[in-house]
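A short worksheet on the structure shown next.
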């Protein structure tokens, strides 16, 4: 049955640091359960409604497979399948969909849409990406770091590229997981000014990528032109031409530094052709961990364990 006061996951700030730690550790446990082929179905007779205004390979497969592996069912709703944001008020869609599903995942453009939906939902709502934040990806990223290097607390992370939704979520992660974050973005593509100011104690703008990666334990990048920015592609390629992550740049980081990219990757642009196959790259572990981290997140939201 739906919770009377559902917890939502719209940004990393919706969970406490202790709760986020539980999700990460539980994701590692669920990965082991799946790899051992142990039957574990806590979501039997429960339904996840997946609302996609933006398409995605990894988001759809990870949520849909995760729900099925835990014994539940997922319904995929494309922009053609709902009236969300096109005719019917979001509040009405939220009331109706949440009366039929046990949990809702939304991948859309405006962050205000998921906030409004959650405000009128009877069940937990997960932000699977908006133009402002991508918190589910950060769960997978932190899980991947923990599996390869242990706790990220006290470490240094460098973000290189666009000050986009992933960058914003890394800023929130720096606060919630207690690490230092260097942000290397060209002028005109910086992250949200207020968000940077709110985290000035641990987030620093170092626009030169070579300087930014010095002392870093993790280097992260993303595509230079996100969905909806296709008309800016050429201008962005010019602005970001010095912001490619390649083995030479990684050599300036700590010897045990890892490289991550949330994919899809555009080789020859934000990442060199040889970087994804570099021993320091963990992008495919990172991609798989979307599955496990989101299963743990849904357990937290649906089962409300004592943390």
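Computed from the coordinates by the stated procedures, all read-outs in this text should not be read as laboratory data. Just so we're clear, the structure is a prediction, and the values are computed from it rather than from any experiment. Methodologically, a virtual Cβ is constructed for each residue, glycine included, from the backbone with ideal geometry; neighbour enumeration extends over all protein chains shown.
Brief remarks on what is shown
- Placing dummy labels 7 Å off each Cα toward the beta-carbon, the span from residue 96 to residue 214 is 5.9 nm.
- Placing a label point 7 Å from the Cα of residue 178 along the Cα-to-Cβ direction, the residues of region 138-164 whose backbone N falls under 13 Å from that point are 151-155.
- Coordinate range along principal axes, alpha carbons of region 137-287, Å, largest first: 40, 36, 26
- Among 231, 14, 141: highest mean-square fluctuation, GNM of the chain, C-alpha pairs under 10 Å: 231
- Cα extents of the chain along the three principal axes, largest first (Å): 52, 45, 35
- Alpha-carbon centroid distance for the pair region 195-235 / region 125-190, whole angstrom: 10 Å
- Ranked for footprinting exposure by Cβ neighbours inside 10 Å, fewest first, 136, 185 give 185, 136.
- Structure-based [θ]222 nm, the chain - -39500 (n - 2.57) summed over DSSP H runs of at least 4, per residue, nearest 500: -12000 deg cm²/dmol
- A simple spin-label model places pseudo-atoms 7 Å from Cα toward Cβ; at residue 254 and residue 55 they are separated by 4.0 nm.
- The packing ranking of peptides 97-109, 143-155, 273-285, highest mean first, is 97-109, 143-155, 273-285, where packing means the average number of other beta carbon atoms within 10 angstrom of each residue.
- Helix axis angle, 90-100 relative to the chain longest principal axis, alpha carbon, degrees: 60 degrees
- The chain: angle of helix 135-149 to the longest principal axis, Cα-based, in degrees nearest 10: 60 degrees
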